[in-house]
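Q: Please read through the structure below; I'll follow up with questions.
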Amino acid sequence: MEKQYKIAVIGLGYVGLPLARLFATQYPVVGFDINKKRIEELNTGVDSTLEVENEILKSVLLQDNPLSSDTEKGLYCSYDINNIQDANIYVITVPTPVDKNNRPDLTPLYKASETVGKVLSKGDIVIYESTVYPGATEEECIPVLEKVSGLKFNEDFFAGYSPERINPGDKEHTVEKILKVTSGSTPEIGEKVDQLYKSVIIAGTHLAPTIKVAEAAKVIENSQRDINIAFVNELAKIFNILDIDTHAVLEAAGTKWNFLPFKPGLVGGHCIGVDPYYLAQKAQENGYHPEIILAGRRLNDSMGQYVASQLVKTMIKRKVAINGARVLNLGITFKENCPDVRNTKAVDVIHGLEDYALNVTTFDPWANPEEVKHEYNLNVVNEIPDEKFDAVILTVAHQEFTNIDLKNYLKEGGVIYDVKGVLKECDSKL
């Protein structure tokens, strides 16, 4: 891959920043984000998402825009659109959430496409990484680029799609170590996009024949995981009724070589808990009602309330007074050892417990209290309270929690409930 490529990465969150940092080891890159506070933070060499270590980030940071100079590589972060106008590769990595009715919300993609459209030039390539339903790139995003830029798709500018596979908090499977699916709007552009990623992704690439194939591959990856987790969640409900240890059952079944090692739990985050709705929406628009996908979603979305009810039942059996009882909830991020609170289902557990008139205190050493307050109007503390509670529930398996003697925080007769199945001693678990 020749060095003439100048890259702008649009969106510097959990996906965009690691990718921009990686590209910056080989190419001149501008990372663009509309969040001024985020840009100012990154320019000091600090990543609050913890996806890129500060020293690694500082090693590629530049003080000046490399796209408007002869600088061969490095990363410059900016919220000024003028700083990306000299790019010829635009990579869009903005979130793709669902609304309160679980319908795909493409607003961030539309706005990012408008931003790129304002600076798009002839010969440029726009690559989307955001998770979408099959067809969204060409049916929803490209028309925005054409309208704003006044350029013609596949004549004046081109597109690619390479779905992100970032696993927040995972320091082993970092972006360069995860095989990348690529695609392009023409066979020639597909090859160019593939070679671009291949130049930085040491795990290699897989060039899909079309953009739609690449889009579909992404949504079924996470839909498959969602359905499998829904299956073991249903098993957990059945085995709880039968008074059988679900984790012991899964351990026994896992001795067979082809048994899939999924575990029950809360399914949140920006991928597994969201992507199936994108595929379902597209299927329904085309006259097909996806039964298995939506059944899995319904079951997984119900687990927060189920967990809350199971804790309350355990407390009742232990003769703990429910009304006004105090509960210590351990964890509010969507997964362990990660500060990401997007679409976390721990919130459903908290609300479920509050519905039973329980007073919940949430301790999470990873979460940002301001972000939690803003997103969910809930309070969270980063230090464990020196108090006694009627119950302790572990909803997120942060490494710090396994080193705490939880009995020191329990009143006599109190209950420990383990959602994740990681505690050595507990009174009940999912």
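Q: Is there a residue being farther than 24 Å from Gly184 by Cα and surrounded by 14 or more Cβ atoms within 10 Å (Cβ to Cβ) anywhere in region 84-95?
A: There is no residue in region 84-95 that is farther than 24 Å from Gly184 by Cα and surrounded by 14 or more Cβ atoms within 10 Å (Cβ to Cβ).
Q: While we're looking at this one, here's another question. What's the number of the only condition in (1) of a type outside the set (Phe, Trp, Tyr); (2) outside any loop (DSSP other than H, G, I, E, B); (3) open to solvent by 70 Å² or more (accessible area, probe 1.4 Å); (4) over 26 Å from Lys147 (Cα atoms) that Leu75 fails to meet?
A: Exception for Leu75: condition (3).
Q: Let me ask another. If the Cβ limit is 7 Å and pairs must be 6+ apart or interchain, which residue in region 186-203 that is closer than 16 Å to Thr25 by Cα and buried (at least 20 other Cβ atoms within 10 Å of the Cβ) pairs with which residue that is at pLDDT below 95 and aliphatic (A, V, I, L, M)?
A: Note: pairs meeting the criteria are Leu196/Met1.
Q: What do you reckon, is Ile332 without any contact (Cβ under 8 Å) to a residue 40 or more places away in the chain, part of a loop (DSSP other than H, G, I, E, B) and not small (Gly, Ala, Ser)?
A: No, not satisfied.
Q: Within region 301-329, work out how many residues are in a loop (DSSP other than H, G, I, E, B) and either of a type in the set (Lys, Arg) or in contact with a strand residue (DSSP E or B) (Cβ under 6 Å, 6 or more places away or on another chain) (or both).
A: Within region 301-329, residues that are in a loop (DSSP other than H, G, I, E, B) and either of a type in the set (Lys, Arg) or in contact with a strand residue (DSSP E or B) (Cβ under 6 Å, 6 or more places away or on another chain) (or both) number 4.
Q: Please verify whether region 286-296 includes one or more residues that are more than 26 Å from Lys335 (Cα to Cα), not polar (S, T, N, Q) and not in a loop (DSSP other than H, G, I, E, B).
A: yes
Q: I've got another one for you. Select from region 342-398 the residues that are open to solvent by less than 30 Å² (accessible area, probe 1.4 Å) and among the small types (Gly, Ala, Ser) and write down the one among them that is nearest to Val415 (Cα to Cα).
A: Residue satisfying both the conditions and the ranking: Ala391.
Q: Could you pull out the residue among Gly265, Gly254 that is closer than 18 Å to Gly304 by Cα and either surrounded by 13 or more Cβ atoms within 10 Å (Cβ to Cβ) or small (Gly, Ala, Ser) (or both)?
A: Only one candidate passes the filter, namely Gly265.
Q: Still on this structure, please answer the following. For region 119-127, check the following and say yes or no: at least one residue is within 22 Å of Ala20 (Cα to Cα), outside any strand (DSSP E or B) and within 20 Å of the chain's Cα centre (by Cα).
A: no
The values are calculated or read from the model by the stated rules, or taken from the named source; none is laboratory data. Since the structure is predicted, the reported quantities are computational estimates derived from the model, not experimental observations. Counting neighbours? That spans all protein chains shown, and the Cβs are built from the backbone with ideal geometry, glycine included. Calculation scope for accessible area: heavy atoms of the full protein, side chains included, ligands and nucleic acids excluded. Shrake-Rupley method; radii C 1.70, N 1.55, O 1.52, S 1.80 Å.
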